[in-house]
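The values are calculated or read from the model by the stated rules, or taken from the named source; none is laboratory data. None of these values were measured; they are calculated from a predicted model. Positions of Cβ are generated from backbone atoms using ideal geometry, with glycine treated the same way; all protein chains shown enter the neighbour counts.
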Amino acid sequence: MILVLFLVAAGMSVYAVSMSSLTQEEMTEFNRSRLSFETKAGSYGYFGDRGFWGEISYRYWVGYQGFSPVSEADFFAIAGYEQEAEEARLYEKKTSDLLWGSIAALALGGALFFTSEEGSSREVGGVILASGGSLVLTLALFRMTTNRYPSNIAQSVADDFNARLLEDLTR
């Protein structure tokens, strides 16, 4: 454990020494090109089965290149991690598909319910479709507050990219 801490501290001191050797123009370029991320958190509440209040907390991260936010997929692509970028793109696409599919199911289910006669199979179908849509909407909203990869992976990728960027700038 102490060896790991020593190695991390040594790596950070080399990084700091290299940063201090940058010219003003190189530092500006580094700050405009580097990768970083910000962790965000929140929560939402609900009433449970027995009327008790419940809460679900979530954390996710937002990537940046320089001063501009980038998607998770772009974050990995910029760093040269194409396989991870593709997996993040797929995660984002599935989340979007779930969201729009659930909204369509809710709308169609509601339309069937409100335009049918009471007790008809069409009304029951509308209720089932709207109920399924609301469950999938919950899943889609949860996925919108998560990333494909956790923040510790984003930190490693950003550190790797930034070290290569620093090396390129000081050549």
Mind listing whichever residues of the range 117-171 are of a type in the set (V, I, T) and crowded, with 16+ Cβ neighbours inside 10 Å? V136, T145, V157
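Kindly establish whether A140 is of a type outside the set (F, W, Y) and over 15 Å from the mean Cα position of the chain (by Cα).
Details: of a type outside the set (F, W, Y): yes; over 15 Å from the mean Cα position of the chain (by Cα): no.
So A140 does not fit the description; no.
One line per residue, one yes/no per condition, for (1) among the β-branched types (V, I, T); (2) part of a loop (DSSP other than H, G, I, E, B); (3) within 30 Å of E26 (Cβ to Cβ):
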| position | (1), (2), (3) |
| --- | --- |
| D97 | no, no, no |
| S131 | no, no, no |
| N147 | no, yes, no |
| F161 | no, no, yes |
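So is G101 surrounded by fewer than 17 Cβ atoms within 10 Å (Cβ to Cβ), over 30 Å from F161 (Cβ atoms) and not polar (S, T, N, Q) or not?
Criteria met by G101.
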Positions within the range 108-120 being at pLDDT 90 or above and charged (D, E, K, R), in sequence order: none
Tell me, which residue of the range 8-57 that is under 30 Å from L165 (Cα atoms) and assigned to a strand (DSSP E or B) is modelled with the lowest pLDDT? A41
Scope the range 121-150; condition touching a Phe, Trp or Tyr at 6+ places or on another chain (Cβ under 7 Å), at pLDDT below 90 and β-branched (V, I, T); matching residues: T145, T146
Output yes when any residue across the range 154-171 is within 20 Å of M19 (Cβ to Cβ), at pLDDT below 90, in contact with a helix residue (DSSP H, G or I) (Cβ under 7 Å, 6 or more places away or on another chain) and among the β-branched types (V, I, T), and no when none is. yes
